[in-house]
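Please treat every number below as a calculation from the coordinates, not as lab data. What you are looking at is a predicted structure, and each value in this text was computed from that prediction instead of being measured. Here the Cβ is made from the backbone with ideal geometry for all residues, glycine too, and neighbour counts use every protein chain on show.
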Amino acid sequence: MNTQPRAPVLIVDDDGSLCNLLSSYLSGHGIESHMACNVTEALEAAAKREYSMVLLDLGLPDGDGIDLTRHWRKEHRFPIICMSGRQEEADRVMGLELGADDYVIKPFSLREVLARMRAVWRRSEAVRSPVTRGKHPRAYRFDGWELNLNTRRLFSADGRNVSLSPSQFNLMVLFLGAPRKIVTREELIERTRAFDDVYDRSIDVQMLRLRRKIEADPKQPALLRTERGAGYYFDALSVEEIWD
């Protein structure tokens, strides 16, 4: 776990009382935070400085929090925890699939929010720290594709930027780091865990959605192969590590 001071957390919510309550609670635990009450302020804040995490209300008055989540996942690396009063599972799944790292339902416990923040930081650092230490390559190339570990972007053979959710990025890093090695479902769940009551049931759905992004024919996958009764493995002709 990183012991250095973190960059501030950005709280995005039009409820000023909630923002102040969260900010005060986080401050009491040594976490600096900034506040934005709408999409415009949130975009300006994220463009001006680095944040270690964003707590984002999905029901903002001047825009769609889902669209903001999608935009930020393409432009920034900070983790995102969505906040919403909507309790439907479909809404939670959509937020997570579009790039959020976790989802909390209002009204929530401040202790729960802090616990989820710390869990998301641990997962994020588990993926990023090897890259920071120089023990992982800058990128992987396979069959004309390239996954950049620093920017977390995947480019196709024809140069398209293929958007990946945090879970899908983690899956790609895991598979490319050990091509042709069978990875169990339990390992995959651990690397993509973001919201227990959703992802514990849906690793197969995650794999299907990732196949739709990188396979020529997702129904007959040539890259992300299934080993029945064991798990999955990555079967590219070659995986090249790029260190420069």
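Structural remarks
- Here the Kirkwood formula puts the hydrodynamic radius of the stretch 139-242 at 13.8 Å, using every distinct Cα pair.
- A crude spin-label estimate for the pair residue 122 and residue 6, with each label 7 Å from Cα along the Cβ direction, gives 1.3 nm.
- Spacing of the two label points (7 Å from each Cα toward its C-beta) at residue 161 and residue 222, in nm: 2.7 nm
- DSSP-assigned coil residues among GluC sites (Glu not before Pro) in the stretch 14-46, each with at most 16 further Cβ atoms within 10 Å: 32
- Theoretical gain in end-to-end length, residue 24 to residue 182 [0.36 nm per residue, Cα-Cα removed]: 52.2 nm
- Calculated from backbone phi, Karplus (6.51, -1.76, 1.60) coupling profile of the stretch 102-109 in Hz, x at Gly/Pro: 6, 8, 10, 9, 7, x, 10, 7
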